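Each remark here refers to the structure printed beneath this line.
The values are calculated or read from the model by the stated rules, or taken from the named source; none is laboratory data. Predicted model, so just to flag it, every value in this text is computed and none were measured. Counting neighbours? That spans all protein chains shown, and the Cβs are built from the backbone with ideal geometry, glycine included.
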Amino acid sequence: MTKEITKTKLLDIAVVKTHTGQITIKPLVQVLEDFKVDDTSAFNSIALWENRALNIAKHGTIHFGDDTWISYEETQRNVNFKGVDELAYQICIFSPALITQLH
């Protein structure tokens with residue numbers, strides 16, 4: 001049985017921060033090896049943040065594996081992911097890493 005992978009654990013493994021504050025994201029293959037999983041589906045249920053929107057359709061939890069990250073704004077600026085590849089993984093890791101660094 002594998003242990004639950006949380007956002008904090010994922011960021012701790014996937015992100016390297018230098019003493020100057022620069023962040024580097026490890027390649028997907030390395031992160032999968034570190035967690036001993038075959039693909040990113042092990043990360044799909046990780047809650048990244050809560051959308052608190054006036055529009056009830058946009059209100060809810062954003063997960064790592066969601067196909068669309070819905071903007072909380074009253075616009076159509078959503079992020080859509082198609083397939084699993086290195087670029088989608090890098091964006092999925094960078095977003096919560098940046099948010100965590102800013103808070």
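Numbers for the structure displayed
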quantity: Residue match in region 43-59 (condition: of a type in the set (Asp, Glu) and at pLDDT 85 or above); calculated: no
quantity: Enumeration of residues in region 17-38 that are at pLDDT 90 or above, within 18 Å of ALA88 (Cα to Cα) and outside any helix (DSSP H, G or I); calculated: THR24, ILE25, LYS26, PRO27, VAL37, ASP38
quantity: Enumeration of residues in region 39-52 that are assigned to a helix (DSSP H, G or I) and within 16 Å of GLN90 (Cβ to Cβ); calculated: THR40, PHE43
quantity: Residues of region 60-77 satisfying the condition of being surrounded by 13 or more Cβ atoms within 10 Å (Cβ to Cβ) and at pLDDT 70 or above; calculated: GLY60, ILE62, HIS63, PHE64, GLY65, ASP66, TRP69, ILE70
